[in-house]
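One structure is given below, encoded as structure tokens.
The values are calculated or read from the model by the stated rules, or taken from the named source; none is laboratory data. Since this is a predicted model, take the numbers as computed values, not measurements. Note: ideal-geometry Cβ built from the backbone for every residue, glycine included; neighbour counts use all protein chains shown. Areas reflect the complete protein model, heavy atoms only, side chains present, ligands, DNA and RNA absent. Shrake-Rupley method; radii C 1.70, N 1.55, O 1.52, S 1.80 Å.
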Amino acid sequence: MSAGPIDPHTFDALQATAGADFVAELVETFAVEGPALVDELRAARAAGSAERFRRAAHSIKSNASTFGAVRLAEAAKALELGGLPDDD
């Protein structure tokens, strides 16, 4: 069986320490800001700005990790560590 998009143990632990209302606010904020971060990845790639690309990927990774979006965090980490992809 494949894991869901959110690791329930991480999410539950976050709720236990920070409170359900705060966690709901975090998730809502990421849902609003996430698309802008993806846009920033694309813009950084188009501009050839490795630093902007790395920062956007890092932000996605950090936010996703916070509430247990493990697969998203892993993908963002790979982008962060891998740097700008080649245009091959």
Next item on the list: Please compute the Cα-Cα pair-distance distribution of the chain with 5 Å bins starting at 0, giving whole percents from short to long.
Entry: 3, 15, 22, 21, 16, 12, 7, 3, 1, 0
Notebook entry, point to check: What residue among Ser59, Ala69, Ala46 has its Cα farthest toward the positive end of the dipole of the chain, where the charges are +1 on Lys, Arg and -1 on Asp, Glu, each on the Cβ?
Noted result: Ala46
Check: What part of the accessible area of the chain, given as a whole %, is carbon or sulfur when the probe is 1.4 angstrom?
Finding: 57 percent
Checklist line | Dipole of region 1-53, positive end: most advanced residue of Gly34, Ala24, Ile6 [Cβ charges, Cα centre] | finding: Gly34
Check: Using a simple charge model, +1 on the beta-carbon of Lys and Arg, -1 on the beta-carbon of Asp and Glu, nothing else, what dipole does the chain show about its Cα centre, in debye to the nearest 20?
Finding: 200 debye
Item checked: Highest to lowest packing among 64-74, 36-46, scored as the average C-beta count within 10 Å -> 64-74, 36-46
Next item on the list: Counting only heavy atoms of the protein chains, get the accessible area per residue of the chain (1.4 Å probe) and round it to a whole Å² value.
Entry: 66 Å²
Note to self: With angles folded into 0 to 90 degrees, how steeply does helix 50-66 sit against the dominant principal axis of the chain? Use alpha carbons for both and round to 10.
What the structure shows: 10 degrees
Check: What is the calculated FRET efficiency for Ala18 to Ala75, with r their C-beta to C-beta distance and R₀ = 25 Å, to the nearest 0.05?
Finding: 0.55
